[in-house]
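Presented below is the structure to which this report refers.
The values are calculated or read from the model by the stated rules, or taken from the named source; none is laboratory data. Please read these numbers as outputs of a predicted model, since none were measured by experiment. All Cβ positions, glycine included, derive from the backbone under ideal geometry; neighbour counts span all protein chains shown. When the accessible area is computed, the model is the full protein with side chains, heavy atoms only, and any ligands, DNA or RNA have been set aside. Shrake-Rupley method; radii C 1.70, N 1.55, O 1.52, S 1.80 Å.
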Amino acid sequence: MICAVTFTDKGRLYYADPGSLRPAVGDHVLYPTEDGPEVAQVMWAPQWTSEEIGGLPVLAGLASADDLAALATARRKRADGRVAARRLIREHGLPMKVVGVDHVLASNRTVIYFTAPHRVDFRALVRDLGATLRGRVELRQLTARDEARLTGGIGSCGRELCCSTFMVDFEPVSVRMAKDQDLPLNPLRISGACGRLMCCLKYEHPLYQDFAAQAPAIGSCVSTPDGEATVVGHSVPAESVVLRMNADGRRTSCALASVCGSRKAHDSFYGDGTVGSALADPNGSC
């Protein structure tokens with residue numbers, strides 16, 4: 001069994017093993033963290049999965065009235081911390097921007113997340129914040145990607161940012177991935193809300209690699225049910241290739257499974273005893 005919870009409205013999803021619990025969507029449960037169980041809201045009700053998923057945290061139980069009261073107190077503490085941090089940052093004249101505040105009631109600890117163009121000496125700020133909030137205060141500087149994850153937003157695809165919904169860890173993204181996906185190397189076209197290369201370039205890249213390994217190269221001659229043609233483009237999402245028919249020069253789209261290389265290239269690639277081919281040999285010629 002697996003379920004998904006979130007700590008903030010429309011925030012990142014965290015997966016868990018419900019154990020013996022069967023909470024419904026909208027119920028509040030206790031999710032185990034490093035600082036102890038914290039109140040979270042169920043977004044996906046428990047459901048069976050055929051895949052073997054191990055290592056998921058097990059829900060500690062349903063949230064009680066006292067837990068919900070503690071959650072309300074923590075929210076007030078976070079709001080107070082945000083107001084105090086912004087005021088004191090202005091007074092100290094520091095080039096910092098507060099992007100998130102977290103408060104742990106068990107240890108009376110407030111964690112303030114901020115962004116800055118460079119390293120900032122905030123020792124005096126921490127002392128003033130500790131005196132104002134009457135507790136332990138930690139300041140953590142975030143990267144541009146972390147800021148986008150924390151604040152959320154809408155991507156160029158029209159959906160919520162991947163980093164603020166389902167992504168767990170950031171993986172390195174390179175311009176080579178954009179080239180392999182035949183995308184324009186315009187920073188405005190391949191950058192996300194954080195100003196860095198879009199994360200979707202990373203987890204979509206294997207699909208383009210697999211397609212490139214199977215599809216005939218652009219410029220090669222292939223055989224199709226309609227006759228001989230030349231490959232002039234690829235359409236990876238549709239798993240098809242764009243062809244220019246040799247007979248009349250018209251352009252058409254054909255499923256990858258319907259494209260075959262020449263008989264000679266086919267026999268050299270699959271062997272003389274193989275009957276039928278679903279994929280083209282990239283080096284096939286007319």
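Looking across A193, A215, one residue alone is at pLDDT 80 or above and open to solvent by less than 60 Å² (accessible area, probe 1.4 Å). It is A215.
Inside region 145-159, can you point out the residues that are surrounded by fewer than 17 Cβ atoms within 10 Å (Cβ to Cβ) and either in contact with a strand residue (DSSP E or B) (Cβ under 6 Å, 6 or more places away or on another chain) or on the phi < 0 side of the Ramachandran plot (or both)? The answer is T151, I154, S156, C157, R159. Quick one: is L185 more than 25 Å from T115 (Cβ to Cβ) and without any contact (Cβ under 8 Å) to a residue 12 or more places away in the chain? Yes: the conditions hold for L185. Looking across region 218-250, the residues that are crowded, with 19+ Cβ neighbours inside 10 Å and part of a strand (DSSP E or B) come down to V222, S223, A229, V231, H234, S240, V241, L243. In this structure, S253 qualifies as open to solvent by 40 Å² or more (accessible area, probe 1.4 Å), assigned to a strand (DSSP E or B) and modelled with pLDDT of 80 or more. Within region 188-207, residues that are at positive phi reach partners that are of a type outside the set (V, I, T) and assigned to a helix (DSSP H, G or I) with beta carbons closer than 7 Å, at six or more positions or on different chains, in the pairs G195/A144. If the condition is being surrounded by 12 or more Cβ atoms within 10 Å (Cβ to Cβ), out of contact with any Ser or Thr (no Cβ under 7 Å at 6 or more places or on another chain) and part of a loop (DSSP other than H, G, I, E, B), then region 130-144 contributes only T143. Taking region 1-41 as the range and being within 23 Å of T151 (Cα to Cα) and of a type in the set (S, T, N, Q) as the test, the residues that pass are T6, T8, T33, Q41.
Total residues in region 94-129 satisfying the condition of being farther than 13 Å from R78 by Cβ and assigned to a strand (DSSP E or B): the figure is 3.
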